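The values are calculated or read from the model by the stated rules, or taken from the named source; none is laboratory data. From a predicted model like this one, the values you see are computed outputs, not experimental measurements. Note that we place each Cβ from the backbone using ideal geometry, even for glycine, and neighbour counts take in every protein chain shown.
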Amino acid sequence: MKVVIMGCGRVGSTLARDLDTAGHEVTIIDERVAAFNRLGEGFNGNMVVGTGIDESVLRRAGIDKADCFASVTNGDNRNIMAAQVAKVVFNVPRVITRIYDPIREQTYREFGMETICSTTIVSSMISTYFTGGANPAHTEPPPIPVAAHR
């Protein structure tokens, strides 16, 4: 699976390392070269410096051959713009974007975008714990499927 990730912060770098370890072909985009230090020495993927809302940067990242695209920067507007470009311009089959604002997330979801809102997810997890459920943060996440070949 060929994956392009925009944003090499905590989420993007973790996602990139996990997918890379599972044998997938990963390219990560960030505006800051120093952000790539989060990936560690064992990262075998590609790193592209630039903004993921720039079509030429996306092309350098291999978006035209990508199976998946995730925009996970700390900016809702930038994430949505990049996700729309990946979906509409480059026809990437699986596109998801992280949104912090739950109201925006619902709006973009109604427009057909695949979104994930960390604000809503964390709030739900805490509420579940408070109302007697187990702390979902202590459960083991499902394994990432291993790539058939790289």
Please give the number of the condition residue 68 fails out of (1) at pLDDT 95 or above; (2) closer than 17 Å to residue 10 by Cα. (2)
When you scan the range 25-40, do you find a residue that is in contact (Cβ under 8 Å) with a residue 40 or more places away in the chain and surrounded by fewer than 21 Cβ atoms within 10 Å (Cβ to Cβ), even just one? yes
Every residue in the range 114-150 that is of a type outside the set (D, E, K, R), assigned to a loop (DSSP other than H, G, I, E, B) and at pLDDT 75 or above, please. 131, 132, 133, 134, 135
Does the range 1-24 hold any residues that are buried (at least 19 other Cβ atoms within 10 Å of the Cβ), touching a residue at least 60 places away in the same chain (Cβ under 8 Å) and under 20 Å from residue 99 (Cβ atoms), and which are they? 3, 4, 5, 6, 7, 12
Which members of the range 43-69 meet the condition of being assigned to a helix (DSSP H, G or I), free of Cβ contacts under 8 Å to residues at least 60 places away in the same chain and of a type outside the set (Ser, Thr, Tyr)? 55, 57, 58, 59, 60, 63, 64
Could you tell me how many of the residues in the range 99-113 are crowded, with 18+ Cβ neighbours inside 10 Å and either over 17 Å from residue 5 (Cα atoms) or at pLDDT 95 or above (or both)? 2
Looking for something surrounded by fewer than 21 Cβ atoms within 10 Å (Cβ to Cβ), in a helix (DSSP H, G or I) and either of a type in the set (Ser, Thr, Tyr) or within 11 Å of the chain's Cα centre (by Cα) (or both) - is there at least one such residue anywhere in the range 70-89? no
Pair list, Cβ under 8 Å, 6 or more apart: the range 75-94 residue in contact (Cβ under 8 Å) with a residue 40 or more places away in the chain, other residue in a helix (DSSP H, G or I) and of a type outside the set (D, E, K, R): 82/58; 86/58; 86/63; 92/63; 92/86
